[in-house]
């Protein structure tokens, strides 16, 4: 089956184009209508549209540089996977990677906050023990 959007040759049983993500199901509701109804977004793009998945790359970079290097690197790895998965038409996998990137950003923040509290307590306790 040839994609009407980009002309890429796909498998005859394909539901979406592997090159552009265009759906081959004409009777499926649009993503905008699904979102307006408060329903979860489908894992395939509708005809003529591309789904957007936030990759959290900015937060991952900030978490790495400013907060906690090891957890931030894991967040960057997962954030980098999002774009490739969207390009391959794997929207469910892209959402999973985006979620993992966000989780690792929060883990980075939690680790740094915990360490800051522990260091503050150690300093306060050491200052009060000398008086």
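The values are calculated or read from the model by the stated rules, or taken from the named source; none is laboratory data. As the structure is a prediction and not an experimental result, all values here were calculated from the model. No Cβ is skipped: glycine too gets one built from the backbone with ideal geometry, and neighbour counts run over all protein chains shown.
Answer with yes or no whether residue 16 is modelled with pLDDT under 60, surrounded by 15 or more Cβ atoms within 10 Å (Cβ to Cβ) and farther than 26 Å from residue 109 by Cβ.
Considered against the rule, which asks whether it is modelled with pLDDT under 60, surrounded by 15 or more Cβ atoms within 10 Å (Cβ to Cβ) and farther than 26 Å from residue 109 by Cβ, residue 16 comes out as no.
Looking at residue 78, is it modelled with pLDDT under 90 and either in contact with a helix residue (DSSP H, G or I) (Cβ under 6 Å, 6 or more places away or on another chain) or not in a helix (DSSP H, G or I) (or both)?
It is false that residue 78 is modelled with pLDDT under 90 and either in contact with a helix residue (DSSP H, G or I) (Cβ under 6 Å, 6 or more places away or on another chain) or not in a helix (DSSP H, G or I) (or both).
Contact list please: Cβ distance under 6 Å, first residue in region 63-90 and closer than 18 Å to residue 21 by Cα, second residue outside any helix (DSSP H, G or I), pairs at least six apart or on different chains.
Listed pairs, sorted by first residue: 82/53; 82/55; 86/53; 89/16; 89/18; 89/21.
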